[in-house]
Amino acid sequence: MIKGILVINNHGKPRLTKFYEHLPVERQQNMIRECFTLISKRSDRVCNFLEDVGAWSKDTKLVYRVYATLYFIFVVDGSESELGILDLIHVFVESLDHVFENVCELDLIFHTDKVHHILDEIVMGGMVLETNLQEILTAVKEQEELETKGSKVATAKLKLKQQLS
């Protein structure tokens, strides 16, 4: 099971945090800090997994990938496959890349709702829902269409209200 998903920039600032088990905010911040400290010190030549990390419970692994200036970190329990999670991280980044056309850190900052929606299409409640990139992108596109229709309806209602007044 996935316990948490973190995206942290190379200065240690969290750009996306999602925990799938309830933790006090102070403990979450300590865990984020510890994850960044451990991962940022590692060489590019070592594997992308860390096991039995101090702040997390036993049988917990950090699986991460670095893309440009961002660390994509998945915190998982021992039952998850490290290679499967690496592939899942890649699917998440590809999804972001397609939606934002060359995703960058600013996209994560200014479009957090859309980023969370994409993540929710892939992982919900700590369980992997979808790994097929096309299915994810179709769901995101359908959601965007619904939002567009909803805003058009709201605008039409507002105009009608103004005309009646």
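The values are calculated or read from the model by the stated rules, or taken from the named source; none is laboratory data. Keep in mind it's a predicted model, so treat the numbers as computed, not measured. Cβ placement follows ideal geometry from the backbone for every residue including glycine, while neighbour counts extend to all protein chains displayed. Side chains included, ligands, DNA and RNA excluded: accessible areas come from the protein's heavy atoms. Shrake-Rupley method; radii C 1.70, N 1.55, O 1.52, S 1.80 Å.
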How big is the equivalent ellipsoid of the stretch 1-122 along its three axes, where each semi-axis is √(5λ) from the Cα gyration tensor, reported in whole Å from largest to smallest? 21, 16, 15
Using Cα centres only, tell me the gap between the stretch 132-165 and the stretch 22-64 in whole Å. 39 Å
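What accessible area per residue comes out for the stretch 1-157, rounded to a whole number of Å², with a 1.4 Å probe?
Details: 8910 Å² over 157 residues.
With all protein chains present, the stretch 1-157 gives 57 Å² per residue.
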What helices does the chain hold that run 20 Å or longer along their axis, going by alpha-carbon atoms, with a Kyte-Doolittle average of 0.0 or more, using DSSP H for the helix calls? 82-100
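Can you compute the FRET efficiency between Glu130 and Ser79 using 1/(1 + (r/R0)^6), with r the Cβ-Cβ distance and R0 = 22 Å? Round to the nearest 0.05. If you can, show how the numbers build up before the last one.
On the way: r = 19 Å, r/R0 = 0.87.
So the FRET efficiency works out to roughly 0.70.
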Place a +1 charge on the Cβ of each Lys and Arg in the stretch 20-97 and a -1 charge on the Cβ of each Asp and Glu, then give the dipole magnitude about the Cα centre in debye, rounded to the nearest 20. 360 debye
Would you mind checking which residues have amide H under 5 Å from Val53's amide H? H placed 1.01 Å from N; only 5 or more apart, or other chain. Thr60
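Using helices alone, what [θ] at 222 nm do you get for the chain, with -39,500 (n - 2.57) per DSSP H run of 4 or more residues, divided over all residues and rounded to the nearest 500? Please list the in-between numbers first.
Working: 5 runs with 84 residues, N = 165.
Only helices count here, giving -17000 deg cm²/dmol.
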Under 26 Å, Cα to Cα: Lys pairs in the chain, sequence gap 8 or more or different chains: 28
